[in-house]
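Below is one structure, written out as structure tokens; the observations come after it.
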Amino acid sequence: MSDLTIPESPFYLDILQRLSFKQQLILKLFNKVFFFQSNYNIHKNSIMQKYFFLILISLSSGFISTIKACTIFSCTRRSEVFAAANEDDMTPFTKVWYNPSTKDRYASVCFGAPDMQIASAMNEHGLFFDYAAANYDLSKLALTNPYPGDIMWEVLGKCKTVKEALLILKKYDYVSKSQVLLADKEGNSVLINPKGIIEKKGDFQVSSNCNMINGKLSCRRPEIANEMLSGSKENNVDFLKKILDKTHQEGELNTLYSTICDLKKGIIYVYLFHDYQTVYTINLKSELKKGYRIENLADHFSTSFAYENFSKNHSLYLKENILQEMKDKGTDVTIARYISESEKLAPQNEKLNSALLEAALQLIKYSWNEHNDGSSWDYWFSKPKGYDIKQYQDSKLTSAETLLAYLSAHENKDAKLRNFMYEISGFINLLQGNTIIGKDLYLKSISNPDEAYPVTLTRGNEIMKRLNK
């Protein structure tokens, strides 16, 4: 089998019909190797199959550096300090979550995909960052001192300025295949990537993830932004909005949303799906007073045909509908309805069961986010800190366990998928203090290595090592 062939099974053909050309290409490439990226390492694993593969394509798209392409810039003129960005990707259903201050962290707002991995953020002191995916070959760089977690999350919670952030950033190697623009309300900004830190020269700085081909950029987005910023002395929302409009993308990659952040005033202007005539304004200080919460960004905008059509044709649409029904009609009654529907559809229930598994994982991500000050689910991304179990109770975990118990009990064809569900159920039980049950589920998930995904073996063995100490 060559690198660009896939099994001609009905399951894979069904997936292909629901993916764009670029996603199909990624699927073919990842048929041979799937990369699990952490801040410590990159683990090369064989492709996940059936529902699990679809989940990874949809929920972990933030780690696929060829997908996300963004244009980000900062500008300081006449005492006005702004940072602005187009967030370009293939996955709709953007989440916004507000994180009040704690004794250890500054308050913040974060934007990200459904996997709750942060794409951009700003804290209460006007410190802003935004990622642009890139294609650095980390194996060719001497990166020996990584931060044992998400270093930008640490910066967001502990720093007020770029100067303070650099005290942390310069202690460690940046081991992510991305580039970050970091800016503060004093007008300072830097670009951070695995090759080093680039400080702003002049009154603006542009970050974009266009690749170099034969010494030239593969697209015009950063050139357009640079030309417009250097050709004008303006620095206001209308001018920056024009730059975002000129650099937005449509087609296989879409500009999902755009932001203009007034770093001094703590105001964020948000535009959905490259519609720059309709704005949602966030007063960060006011919103943070309302407490922690997760919101769907699209809920703040009136329905447009373009965005609605884009969303309905995405593989996560059914999962998002299930989660919305849980919110509107109650979690328990919604789960009972869909389990009953799954039983009626069997054995033609693979699509629904896939969405139910995605919904279970989303509930865990929401729960982790809420009980960990707004951070991403480190365990899902195989980060070292994800193995540090801090127990708590949450009805979302109980609901996820109900779904996983049903799905694992009825998964008779794919032992690897079933063992993956045992693994995640084990994690849920450990979180809730059910150590004996959790340990038993982990043992089941890794008891036969030939019937477990590599990532389940990696995480399961690490958890068991810690439990047996």
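The values are calculated or read from the model by the stated rules, or taken from the named source; none is laboratory data. Source: prediction; values computed, not measured. Here the Cβ positions follow ideal geometry from the backbone for every residue, glycine too, while neighbour counts run over all protein chains shown. All accessible areas refer to the heavy atoms of the entire protein, side chains included, with ligands and DNA or RNA removed. Shrake-Rupley method; radii C 1.70, N 1.55, O 1.52, S 1.80 Å.
Cross-link reach is defined here as a Cα-Cα straight distance under 20 Å, omitting same-chain residues fewer than 8 places apart; for LYS444 the aspartates and glutamates meeting it are GLU401, GLU411, ASP414, GLU423, GLU462. With only Cα atoms counted, region 381-444 has Rg and Dmax values of 11.8, 34 Å.
Round to the nearest 0.05 the FRET efficiency obtained for ARG220 and VAL333 when R0 = 45 Å and r is the Cβ-Cβ distance. It comes to 0.30. One decimal place: the segment GLN348-GLU295 gains 15.8 nm when fully extended, by the rule 0.36 nm per residue minus the C-alpha distance. For the residue pairs LYS177/LYS201; LYS351/LYS413; LYS160/LYS233; LYS365/LYS416, the C-alpha atoms sit more than 18 angstrom apart in LYS177/LYS201; LYS160/LYS233; LYS365/LYS416.
Tell me, what is the FRET efficiency for ASP450 and GLU341 to the nearest 0.05, using R0 = 35 angstrom and their Cβ-Cβ distance as r?
0.60
Heavy atoms only, probe 1.4 Å: what % of the accessible area of region 276-371 goes to carbon and sulfur, would you let me know? Of all accessible area on region 276-371, carbon and sulfur atoms account for 49 percent. Annotation: amide H of SER178 within the under-5 Å range of ALA134, sequence separation 5 or more or interchain, hydrogens built in the peptide plane. Under a 5 Å amide H cut-off, with hydrogens placed 1.01 Å from N, ASN254 pairs with ASP89 among residues at least 5 apart or on other chains. In terms of the mean number of neighbouring beta-carbon atoms within 10 Å, the peptides 186-194, 109-117 order highest first as 109-117, 186-194.
How many percent of Cα pairs in region 332-469 exceed 27 Å? Percent of Cα pairs beyond 27 Å in region 332-469: 18. With the convex hull drawn around the C-alpha atoms of region 235-391, the volume per residue stands at 186 Å³. Put simply, the amide H of ILE389, placed in the peptide plane, has no neighbours under 5 Å, leaving out anything fewer than 5 places away on its chain. So which of LYS163/LYS385; LYS140/LYS246; LYS170/LYS319 end up more than 29 Å apart, counting from Cα to Cα? Cα-Cα > 29 Å for LYS140/LYS246; LYS170/LYS319; rest within. Between LYS158 and LYS265, the simple label model (points 7 Å from Cα in the Cβ direction) yields a spacing of 3.3 nm. Applying 0.36 nm per residue to the separation of LYS233 and ALA306 and subtracting their alpha-carbon distance, the gain on full extension is 22.9 nm. The packing ranking, built from the mean of other Cβ atoms within 10 Å per residue, places the peptides 248-259, 75-86 in the order 75-86, 248-259, highest first.
Subtracting the Cα-Cα distance of ALA409 and THR458 from their residue separation scaled by 0.36 nm leaves 15.3 nm.
What the Cβ-Cβ distance of LEU141 and ASP388 gives, at R0 = 41 Å and to the nearest 0.05, is a FRET efficiency of 0.90.
Assuming a viscosity of 1.002 mPa s and a temperature of 20 °C, what translational diffusion coefficient in µm² per second does Stokes-Einstein assign to region 66-163, Rh being the Kirkwood radius over Cα pairs?
Working: Rh = 15.3 Å.
My calculation gives 140 µm²/s for D.
Using the Kirkwood formula over every pair of different C-alpha atoms, what hydrodynamic radius in Å results for region 338-379? Intermediate values should be presented prior to the final figure.
Values: mean 1/r = 0.0865 Å⁻¹.
It is 11.6 Å.
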